[in-house]
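Reviewing the structure listed below.
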Amino acid sequence: MTTGAPEIMKRPIIGWGLHDGLVVARRNLIQTIRVPELLFFSLVQPVIFVLLFAYVFGGAIPIPGDDGASAYRQYLMPGIFGQTVAFAAAASTVGLSEDMKRGLIDRFRALPMSSGAVLFGRTVADTLRQVLVLTVLSITGLIVGWRINNGIFNAILAYLLLLLFAYTVAWIGSWIGLKVPNPETASTAGLIWLFPLTFLSNAFVPISSMPGWLQVVAAWNPVSSVVLAARELFGNPTGIPSTAWPMQHAALYTLISCAVLIAIFAPLAIKKYRSTTSR
Amino acid sequence: MKRYGDVVALDGLDLRVSEGTVLGLLGPNGAGKTTAVRVLATLLKPDAGTATVAGHDVLTKPNAVRRSIGLTGQYAAVDEYLTGRENLRMFGGLYHLKPAYVKVRTDELLERFDLTAAANRSLRTYSGGMRRRLDLAASLIAKPPILFLDEPTTGLDPRSRLGLWQVIRDLVAEGTTVLLTTQYLDEADQLANEIVVIDKGRVIAKGTADTLKDQIGGDRIEITIADVAKANAAATALRSVSTGEVSIEDDRLSAPVSGGSTVLVDAIRALDAQDVAVTDLVLRRPTLDDVFLSLTGHTAEEDNSPPPPSRRRGRGQ
């Protein structure tokens, strides 16, 4: 061998946890580039949703308080954004489950690295991927008649809220990925909770059209608040506002619910990671 | 001690590996080999007992242990989508090595494991043997003094296996301490300075390959006779050179002997004197398979035990 004793880095300013997390995030992002098929289909699915809802259901769903011709499409796009970033959680679930099956999690756990770094890297990478997804979706939206009506600054805030929400559900998805026994289960378990989560919300239909008890569920669903906040910030129609507190303070409720969910699921996922083994 | 529900996976396992040597941990599936490695590599916490690796307690100083070890498991635990070079750089980064050092070390390892030509290809194009080599290279990026090899050649073709054996021999020659688990008896025979045989989480035998073989008796002479009717005469002849019981099974007879190859000449003379024609005659040294069979009542390949664990006490320096 020509190298001498291993040369250890000085502790970076950002700290080891962040350093290790970025090393893992980089790896997960390289995967995205190496499997363009996966990226392609993860982009196609929300685009199909836009087209289906805009042209198939759109005419049948009236938006209270706004009967303009393109009202539903204006209303729909932030809903699709919210649904799409929520479904990104499934990628975290499946990805971690595959890492576990391949023995990579065992290997990471036997390295002198921070124990949260693998999950941090995973959630960051899965969130960054959503930047691309939101870009493609926004272009699709602009083509079908969606518009940003409230200035670029508010639009950026809307996108940041959506990405925060993506980051939050990525932690929940990570926790599920470490709990399930194999990738086959992960591909089901990672998706199943996302359907009620996104459909019991204001993403596609106004809450006021639902039965009373369901209105309560939908009003307190964080998907509703992130979607409503995005509608407000983009200047899109919101329907008749619900009087529930989260619907009156959509952006604030989104921030609070994301903080609470991360505070619950990040420690749960890290705890599970510390004790998990591939068999 | 490590339990999974009612199953005791490691039960009073006591291991000690001397610096710069290879300890072969041998046992059937479910014997507790992998559990023992997982405890020593800080992946599992034992329910009782202690383990020290490179002087660090696995329970209280797991990060110090992790800095001293390389772990190569039964599956090539490397990233499928990254290239060989990207994989090694990632692990170098996670060991907190300086980027400049990782760069040189990566090239050095790729060269050593004959992966330079494939360095910039995604692992999806690698063969099984190449993945295992890269896996081992990733374990070596920080030059750990201690290496855990958990069934490193399972599923490899004979040529890849021989190649990996040579790499392991070279590492040991450079001073690396190795804990090797395997169900391949010839692998332990080839590589290990000392062998510990475990079953159901307990040590059932330990020693060098030779002492283990001696433990179940020495050489045996085995003959096949041309005419089954002559079996009794052949047995009489063998009894005159044997040190123990002669066993007869149709046209095949075997008997324990001592004295090396000269006993073969004596046996042929005795058989000739009894007028027994022989179609085959060999002097056989016991294999570790024989050792295993005699110790456990089943062969190493029989998969009849429940999942792992146990208590372990180990030391690698």
*Selected residue [closer than 20 Å to A:Ser187 by Cα and within 11 Å of another protein chain (Cβ to nearest Cβ)] from A:Thr32, A:Thr93, A:Thr84, A:Thr3*: A:Thr32
_Residues satisfying the stated conditions in the stretch A:196-230, i.e. in a helix (DSSP H, G or I) and among the polar types (S, T, N, Q)_ = A:Thr198, A:Ser208, A:Ser209, A:Gln215, A:Ser224, A:Ser225
*Of the residues B:Leu147, B:Leu136, which is within 18 Å of the chain's Cα centre (by Cα), modelled with pLDDT of 90 or more and in a helix (DSSP H, G or I)?*
B:Leu136
*asked:* For the stretch A:101-112, give me each residue that is part of a helix (DSSP H, G or I) and either more than 26 Å from the chain's Cα centre (by Cα) or at the interface with chain B (Cβ under 8 Å from one of its Cβ atoms) (or both).
replied: A:Leu104, A:Asp106, A:Arg107, A:Phe108, A:Arg109
*Can you tell me which residue among A:Ile80, A:Ile63 is buried (at least 19 other Cβ atoms within 10 Å of the Cβ), at pLDDT below 85 and not small (Gly, Ala, Ser)?*
A:Ile63
*Just to be sure, is B:Asp170 of a type in the set (D, E, K, R) and within 14 Å of chain A (Cβ to nearest Cβ)?*
yes
*asked:* Here is a check on your reading of the model: is B:Leu149 in contact with a Phe, Trp or Tyr (Cβ under 6 Å, 6 or more places away or on another chain), under 25 Å from B:Gly55 (Cβ atoms), surrounded by 20 or more Cβ atoms within 10 Å (Cβ to Cβ) and in the same structural domain as B:Arg131 (by the TED database)?
replied: no
*For residues that are among the β-branched types (Val, Ile, Thr) and over 20 Å from B:Val228 (Cβ atoms), scanning just the stretch B:239-254, find the one that is surrounded by the most Cβ atoms within 10 Å (Cβ to Cβ).*
B:Val241
*Filter pass, A:Ile176 being part of a loop (DSSP other than H, G, I, E, B) and of a type in the set (A, V, I, L, M)*: no
*asked:* Can you tell me how many residues within the stretch A:113-124 are farther than 21 Å from A:Thr32 by Cβ and assigned to a helix (DSSP H, G or I)?
replied: 0
_Residue list for the stretch A:222-255, restricted to those being of a type in the set (Gly, Ala, Ser), over 20 Å from the mean Cα position of the chain (by Cα) and at negative phi_ = A:Ser242, A:Ala244
_Going by what's in this entry, would B:Ala117 be described as surrounded by fewer than 22 Cβ atoms within 10 Å (Cβ to Cβ) and out of contact with any Cys (no Cβ under 7 Å at 6 or more places or on another chain)?_
yes
*Answer with yes or no whether B:Asp114 is in contact with a Lys or Arg (Cβ under 8 Å, 6 or more places away or on another chain), charged (D, E, K, R) and assigned by the TED database to the domain that holds B:Leu43.*
yes
*asked:* Given (1) crowded, with 23+ Cβ neighbours inside 10 Å; (2) in contact (Cβ under 8 Å) with a residue 40 or more places away in the chain, identify the lone condition not met by A:Ala155.
replied: (1)
*Within the stretch B:83-114, which residues are surrounded by 20 or more Cβ atoms within 10 Å (Cβ to Cβ) and more than 11 Å from every other protein chain (Cβ to nearest Cβ)?*
B:Gly84, B:Arg85, B:Leu88, B:Leu110, B:Phe113
*What are the residues in the stretch A:8-29 that are under 20 Å from the mean Cα position of the chain (by Cα) and more than 22 Å from B:Ala142 (Cβ to Cβ), if any?*
A:Asn28, A:Leu29
*Might you check whether a residue that is in contact with a helix residue (DSSP H, G or I) (Cβ under 9 Å, 6 or more places away or on another chain), within 14 Å of another protein chain (Cβ to nearest Cβ) and touching a residue at least 12 places away in the same chain (Cβ under 8 Å) occurs anywhere in the stretch A:39-60?*
yes
*Give the residues of the stretch B:45-65 that are surrounded by fewer than 24 Cβ atoms within 10 Å (Cβ to Cβ) and facing another protein chain (nearest Cβ under 9 Å), sorted by residue number.*
B:Lys45, B:Pro62, B:Asn63, B:Ala64
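The values are calculated or read from the model by the stated rules, or taken from the named source; none is laboratory data. Keep in mind that what you see is a predicted model, and the values were worked out from it rather than measured. Neighbour counts are summed over all protein chains in view; Cβ atoms, including those assigned to glycine, are modelled from backbone coordinates with ideal geometry.
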